[in-house]
Amino acid sequence: VRIPSKATHQQTREHNQRLILRTLYDRGPISRADIARETHLTRTTVSDVMTVLFDRGLVEEIGRGRSSGGKAPILLGLVRDARLVIGLDLGVETFTGALVNLRGELRHVVELPAGGCSGEDALELVYSLCDTLMRAAPGQPVGIGVGAPGIVDSAGGVVRWAANLGWQEVPLGQLLGERYSLPVSLANDSQAAALAAFVFGEGARTANLIAIKVGWGVGAGIILGGELFQGDGFAAGEIGHVAVVEDGAACSCGRYGCLETVASARAIAEHARQLTLADVRAAFEADDPEARDAVLASGRHIGRAVAWLLGVLDVHRVLLHGSVASAFGEPWLESVRDEAGRCSLPVFSDEASIDLAKFPSNVVVLGSSALLLTQELGFSLAR
Ligand SMILES: [Zn+2]
């Protein structure tokens, strides 16, 4: 017989709170009785948790529902702008930040050009982005969520390696936390995007999800059992620098033949002998054979990576996003699907849906906010 310890009581309380928040989020406005039915919690437990949520200003009464004989029940919902999070995306060309509410709505978006900015300068740019958003916030934000390219240690709040920022072992979490006295969450940008799909987007009803970003870099974010899976070293999904071609081209990481050298936006542009992705797109639409080869080869390589991911994880929901996915759409997606199907057992490929994500443009901002919300408010619980 296991005697429940204090810790497990605490965990149960937190679990219940997350469950109720998630139900309010998905089903609100909703009555206390319906929350109890949905969550299989007792009405007493629901009422206790509600008192806490009211005290924290997270829940409000929205009106009355239909009566089933007796008194019409009070309907409850999350207070949309009760809490705002600062979400940041430290992208290659642009640093984007926004105030994001509990519904994942962006309230105030700020973009700063970051091309060529690295090291200490990049850090100063992050500060000026946060300063602007702090000034714009109506109250104290819940915290700061940051999506950064490269390898990010979420637990330690350290950007371990971000080539385009020229950062190695930068304790960004600590630096921001001390400067603004707020909790800070960090994740890799592909992981943040997967979290955005899971918390706010089209992956919201699935416990398991893979979102693959194919842009200037290639990386996957993996949600397993309703949680962002980061692996032992926080680099889970970092598939862009796995070598896939014998004697392949030199990669930005210093090695050869990585997935990025054949599937990324840069690789496509180089193979198609064009300068920008927009140029490749124009050539592709004009049926230029080199552009077609480059784009479809990218799709095939991503398809093979998908086959491996399906074989390892048996996840049914795969979303593709990033500049390559949005530039070449269906024809590129078809080559991903064909190759994924050709390279895996029907038991995997028949069950899996591989689609283009219908992400909003600021998906990493949204994802980094989602990360902060999951950690501070517990929104990530699987249904
Ligand atoms: Zn590489």
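Computed from the coordinates by the stated procedures, all read-outs in this text should not be read as laboratory data. Predicted model, so just to flag it, every value in this text is computed and none were measured. Here the Cβ positions follow ideal geometry from the backbone for every residue, glycine too, while neighbour counts run over all protein chains shown.
Seen through its C-alpha gyration tensor, with square-root eigenvalues sorted a ≥ b ≥ c, segment 93-235 comes out oblate because a/c lies at 1.5 or above while a/b is not bigger than b/c.
On full extension, the segment bounded by ALA82 and ARG179 gains 32.6 nm, given 0.36 nm per residue less the C-alpha separation. Pairs of Cα atoms nearer than 8 Å and 6+ residues apart set the relative contact order; for segment 230-383 it is 16 percent. Convex hull volume of the Cα atoms of segment 241-315, normalised per residue: 100 Å³.
Build a GNM of the chain with springs between Cα atoms under 10 Å apart, and of ALA249, ALA357, ALA305 the one that fluctuates most is ALA249.
Relative contact order for the chain: 16 percent, from Cα pairs under 8 Å spaced at least 6 residues apart, divided by residue count.
The residues packed around ALA148, meaning those with a beta-carbon under 9 Å from its beta-carbon, carry a net charge of -2 if Lys and Arg are +1 and Asp and Glu are -1.
Within the listed set LEU125, LEU133, LEU275, the Gaussian network model of the chain (springs between alpha-carbon atoms below 10 Å) gives the highest mean-square fluctuation for LEU275.
Relative to the dominant Cα principal axis of the chain, helix 323-342 is inclined by about 80°.
Summing charges over neighbours of PHE359, with a neighbour being any other residue whose Cβ is under 15 Å away from its Cβ, gives -2 when K and R count +1 and D and E count -1. Seen against the Cα atoms of the chain and their longest principal axis, helix 289-313 is set at about 50 degrees. Between 0 and 90 degrees, the angle of helix 119-136 with respect to the longest Cα principal axis of the chain falls at about 40 degrees. Highest average first, the peptides 60-66, 185-191, 331-337 ordered by how many other beta carbon atoms sit within 10 Å of their residues are 185-191, 331-337, 60-66. The helix-only estimate of mean residue ellipticity at 222 nm for the chain, built from DSSP H runs of length n ≥ 4 each weighted as -39500 (n - 2.57), is -13500 deg cm²/dmol after division by the residue total. Relative to the 2.2 N^0.38 Å rule of thumb, the chain has a C-alpha radius of gyration ratio of 1.06.
If r is the Cβ-Cβ distance from ASP314 to ARG135 and R0 is 51 Å, what FRET efficiency results, to the nearest 0.05?
The formula returns an efficiency of 0.60 here.
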